[in-house]
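What follows is one structure encoded as structure tokens, with my remarks underneath.
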Amino acid sequence: MGLYFLKDGLKKFRYLVEAVSFFITSRLIAVIPLRIHYGMGRALGKILYFFPYFKNRIKKNLKIAYEDDCPQTEKIIHGIGENLCLSFMETASYSLSKIKQKSILENITVQGRDNIDKALNQGKGVLLVTAHLGNFTLLFLKLRREGYPIHTVVKGSNNPFIAKQFHTFIDRIEVPYIPVEPGNICLKKIRIALQGNGIVAFLVDEKRRRDGIYVDFFGKPASTTRGPATISLRSGASIIPAFIVRNLDNTHDLFIEEPIQYTNNSLSQNEKVFFLTQQYSQVVEKYIRRYPDLWSWTSNKWKLPRANQDKKSRGKFFHFGLTSERKD
């Protein structure tokens with residue numbers, strides 16, 4: 001009992017230290033000119049390379065994805081650290097300094113706007129799927145500032161102190177968010193947003209501990225959220241992938257892809273869920289392969305489930321037993 005309270009106390013102390021550090025750092029960033037941010041961000045990103053956990057987790061996942069054939073591993077790790085630090089600085093600046101908002105958004109160009117406009121013209125809303133690639137928060141901010149009715153589905157931090165600050169950030173940038181938990185309320189809010197012909201954004205590159213389905217990702221089974229696929233089939237909303245990419249001069253390109261669709265109407269509902277999930281996972285993979293230094297590579301994406309979970313899922317979804325004919 002004493003050991004439990006000790007561990008719990010240490011965890012709360014760590015959470016408090018993290019939250020205080022987060023608060024002080026974000027406020028300092030808000031008063032530093034943007035031109036200094038980028039030099040600081042790149043310098044701090046290089047320091048992350050020397051943290052063993054950060055470096056080893058990325059190397060492990062690169063090895064899984066590329067099977068020892070990953071080009072420029074060290075360069076990718078450096079790039080990941082730089083992108084994470086730069087993205088935090090940009091987001092903090094945007095959230096806490098209205099003066100910097102205009103400068104940051106002016107450095108973002110949008111490509112493929114017609115894809116989202118055509119989908120919204122159908123009147124059933126849009127399910128936008130993206131990944132932790134580049135400064136993904138700027139994707140939501142840019143679309144909101146361009147007049148698109150976007151909502152983001154937010155998981156939040158395990159640290160309750162940081163989670164509170166994080167929600168303050170979101171409130172300041174005026175992008176409506178939908179908390180993942182509780183699930184029934186989350187689904188209700190998503191349904192309301194779609195009925196109003198809104199856009200609901202999902203980050204679909206994280207491992208799903210519950211309710212995920214295993215699809216092909218870099219040639220390996222990886223647990224992926226089926227939420228966008230399931231909701232699309234129920235609501236008729238289009239699934240559209242979109243990604244934001246950082247350039248060397250710290251401008252950004254926002255790419256909006258064509259809608260994800262299934263063409264075989266003979267499939268069962270569960271098969272349709274699988275194929276839609278597989279399709280948007282393939283688009284995510286395409287962008288990660290193109291810009292490997294802009295994805296975090298720290299998620300436990302390829303961790304397989306326990307045997308009893310395998311058996312439970314196998315009876316419901318077809319991702320474990322599809323024949324090659326059905327896959328085609």
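Every read-out reported here was derived from the displayed coordinates using simple, explicitly stated rules and does not represent laboratory data. What you see is a predicted model; the values in this text were computed from it and never measured. Please note: Cβ atoms are built from the backbone with ideal geometry, for glycine as well, and neighbour counts cover all protein chains shown.
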Per residue, the convex hull enclosing the alpha carbons of the range 196-264 has a volume in Å³ of 151 Å³
With label points built 7 Å along Cα→Cβ from the Cα atoms of S266 and T73, find their separation and express it in nm.
-> 4.6 nm
In the structure shown, of K59/K286; K75/K189; K118/K142; K142/K303, the pairs separated by more than 30 angstrom at the C-alpha atoms are K75/K189; K142/K303
Diagonalise the Cα gyration tensor of the range 209-305 and give the resulting equivalent ellipsoid semi-axes, square root of 5 times each eigenvalue, largest first, whole Å.
-> 25, 18, 11
Taking a ≥ b ≥ c as the square roots of the eigenvalues of the Cα gyration tensor of the range 25-116, is the shape rounded (a/c under 1.5), prolate (a/b larger than b/c) or oblate?
-> oblate
Extension length gain for R234 and R191 (0.36 nm per residue less Cα distance), in nm, is 14.5 nm
Given backbone amide H placed at 1.01 Å from N, residues whose amide H is under 5 Å from that of S238, ignoring those fewer than 5 places away on the same chain, are L127
